[in-house]
Each structure stands twice: as structure tokens, then as C-alpha cells.
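Everything below concerns the one structure shown next.
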Amino acid sequence: MVIDRLLQERQAAGLPIRVGLYGAGFMAKGIVNQIVHSVPGMVLSVICNRNVDKARTAFEQAGVIAAVVDTGHALSEAIASGTAAVTDDPALLYECDELDCLVDATGAVEYGAHISLAAIAHGRDMVTMNAELDGTVGPLLKKKADAAGAIFTACDGDQPGVQMNLFRFVRSIGLTPLMCGNIKGLQDPYRTPTTQAGFAAKWGQDPHMVTSFADGTKISFEQAIVANGTGMSILKRGMTGHDHRGHVDELTKVYDIDALKAVGGAVDYVVGAQPGPGVYVLATHDDPKQRHYLNLYKLGEGPLYSFYTPYHLCHFEVPLSVARVVLLRDAVLQPLCGPLVEVVATAKRDLQAGETIDALGGYLTYGQCERADVTAGEAPAADGRGRGLRAQARHRQGHRADLRRCRTAAGPVDRPPAR
């Protein structure tokens, strides 16, 4: 824990980190409240939302009165005077030199792409809660950010960031992670905004967003970006998704270690495991002396060892991501290279010709993880015909080469010799 001390130093010096936030929904409101009341050394300077009244409400719920600004000059003056600001103009944030970091809490893929690209073009760091965007074009945004000297990263608190933190810890003490997993309480691909309306109303959330959690779309995007950030793959389309009501430690006996090694490590999820909700990493150790110590320390005899974090605290931890980026230039989770795992749309029911596919978390489709070489190999050509088996074989060969490059960047992975 170095971040808390560094933030205290910024507070004492009167130089707080100045943050611009996109979005004023359920999660954004939590971020506002957290920064305003619980993060010394950081100030939320401005919220951009298409509905300015919602942005003002987000500040007001945290006890802050905000001024509406519509020019860059007005925003700069507000920041200089310590006045909170709201706007509906996204450009005011990414063009503002006084802001140290931007946060995307919108969950909107197209809007998130526009603001992220513009932020990167202006050399602005972006902490994103937008896993859907990251799982779609994250590798491209990462490459552009690197070229611009900026950081584009996922965040602490959300399950992908928590998994990556645990992955880094496990690897740092000498083990080889072979599984990064997410603990879920429910997985039903046929949930819709109608079935989830009551839950959404109870917690003040959007029914489509809640549906994307329940039908597996959200976890597919989350695990895709974990795979892309660790160099791991999946065991099958949609992941395994074991239903396991016991303790997460028991998963060391559920997974086939040879299957995990064969793909160089995999991402997955489990339904109902305890303690939940949280994340887990399963890892191996080659050194028999260290395996003896791990057994002494109650992690068992192996060959898989279980590590887990029994919670993920979403908006509570997002400011820590901002501090890591601004103060340490440390990204939470980024793609290592090109996409290794993507998300494909799967129909919830028979679709009729002429139907328009609705949004994520809707009535017609849900998302499933799939290897990027498979999605490329199965994509239709411009004339509407498939690429063919020979092209798919080339994509698989390219995927294996991509895995080798990514895993070199991620560190050594215990796997059998190439077939």
C-alpha cells in the first residue's frame, strides 16, 4: 500500500489529483461520492453527461453544488477556483490541460470509443469501467495510447482489475497462474430486461445493464479483457462455467491441469462458489521445496493452488486506479498485444429476417467468449461465403504465434512442448 501515502502527500502539498468523469449513472454516482468524501489528495473537478441535470444530481447527492460550464475557459476557471463543474460537451474534458486523468463510467461502446480516442489524441490518461469497449477495441486503444504517451487501462474494483491484481501477486511470489476466474451468483442466458426489471428497480439500476450481468454478456467481456491482459485463452466457447456450490479452494480438483497447460492458462467463471462474489486464481509451482512450504501454509499438496479475493468493491476502488496511473504510471489491466479472446453474439431465440438486433443486455442476444482466431476464421468474406478450412488453419497458426508473443510479455507459462 503505497498509494494511500502518496495521496496524503498530495493532499498536504495542496496538489490534489484533478479528475474528469464521463457518465452520471449508478456507478458514476458511487465514484462521485467516494472521491468527494473518502479520497484525500484527489478532487472530482467535472462530470460530463448528455443530461446535465443528472450530472448535477450526482454532485448534489454527494453534497456538492456544481456549476454548468459550456466553454473550456469556463471549465478552467471553475477548476482554478475549486468549483465543481458539469457539462454535456465531452470535448471540454479531453481538451482540458488542468485535468490529470479521465474516467469513463458510461458503459456505452460507441460513446466510450469516441471519448477514449479523443482523450488519447490529446495525451490524456483514461481509466475505463467500460469492459464492453475494452473487449471490443481495447488492443487498438492500447496501441494508440502507447504511441501518444498516455495510459488507457481498466480499473480496480471491477472483477477484471481484481483478477489482474491477484494474478500479479501470485506471479510475483513465484507461482505460474493457469486460471483466472470470476465467481457469479447467477448465469442464465435467457434473462431479459423484463425479467430483471424488479431487481433493477430495487437497486436503482438500468434493466438492460442488469440483464447483461444475468445473461452472461458482461462476464464474457470481463473475462475477455482478462485473457487479453494475461495472455490466457479459454477452454471452450462460452467458457466452462462450472456450477460449484462449495468453497472456491475445491476448484483445484475440478479443473484438469493438463487442459489448462495445453492452452497456456485459461479464463473462466464459476456459479455459486463460496466465498462470493469474488475472483480466484489457480496456479502451479515447479519447485518441490516450495510446494512443501505451500502445503505447510495450508494451500494443499497441489499441483494447483488456490488464491482468491472474496469481494470486488467496484466504485470504491476506482480512485485507486486513477492514483496508480497519475502517481506511478502503473496500469491496472491492459491488452498485451492483439486480441486473443473476443465476445460473440448468440441468439436468445430464433431471429426473423429483417429484425434489428437490440442493445447489450437486451431481448435478442447474449455474449459468449470465443478465441480471436476462431472468430476471424469463421467470419464471412465480403461475398458472404466463409473463409474455408485452409484459411481457418492459417488463423489458428497465427493465434498460436500471438499467444507466444503475448505470453513472453506476460512472463513464463508452464505448458507442454508444442504439438
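Here is how the numbers come out for the structure above:
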| quantity | calculated |
| --- | --- |
| Helix-only mean residue ellipticity at 222 nm for the chain, each DSSP H run of n ≥ 4 adding -39500 (n - 2.57), per residue, nearest 500 | -13000 deg cm²/dmol |
| Heavy atoms of residue 301 accessible to a 1.4 Å probe, total area in Å² rounded to 10 | 150 Å² |
| Percent of C-alpha pairs per 20 Å bin, the chain, short to long | 26, 56, 18, 0 |
| Förster radius 30 Å - calculated FRET efficiency between residue 61 and residue 91, Cβ distance, rounded to 0.05 | 0.70 |
| Rounded if a/c under 1.5, otherwise prolate or oblate - region 1-74, Cα gyration tensor axes | prolate |
| Which of 307, 169 is most accessible, then next, and so on - probe 1.4 Å | 169, 307 |
| Whole-number accessible area per residue in Å² for the chain, which is evaluated in the context of all protein chains at 1.4 Å | 45 Å² |
| q = 0.14 Å⁻¹, region 188-256: log10 I(q)/I(0) [Debye, one scatterer per Cα] | -0.59 |
| Choice from 138, 185, 278 with maximal GNM fluctuation in the chain (Cα, 10 Å cutoff) | 185 |
| Virtual paramagnetic centre 7 Å along Cα→Cβ of residue 8, amide N under 20 Å, in region 24-58 | 35-43 |
| Simple label model, 7 Å out from Cα along Cβ direction - residue 140 to residue 236, nm | 3.2 nm |
| Filtered trypsin sites (Lys or Arg not before Pro), region 342-374: DSSP coil and at most 14 other beta carbons within 10 Å | 349 |
| Order of exposure, largest accessible area first, which applies to 190, 305 with probe 1.4 Å | 190, 305 |
| Sequence ranges 287-293, 88-94, 36-42, ranked by mean other-Cβ count within 10 angstrom, highest first | 88-94, 36-42, 287-293 |
| Sequence-distant lysines (8 or more away, or on other chains) whose Cα lies within less than 30 Å of residue 253 | 184, 218, 236, 261, 289, 298 |
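The values are calculated or read from the model by the stated rules, or taken from the named source; none is laboratory data. Just so we're clear, the structure is a prediction, and the values are computed from it rather than from any experiment. Counting neighbours? That spans all protein chains shown, and the Cβs are built from the backbone with ideal geometry, glycine included. We work out accessible area using only protein heavy atoms, side chains counted, and drop any ligands, DNA or RNA first. Shrake-Rupley method; radii C 1.70, N 1.55, O 1.52, S 1.80 Å.
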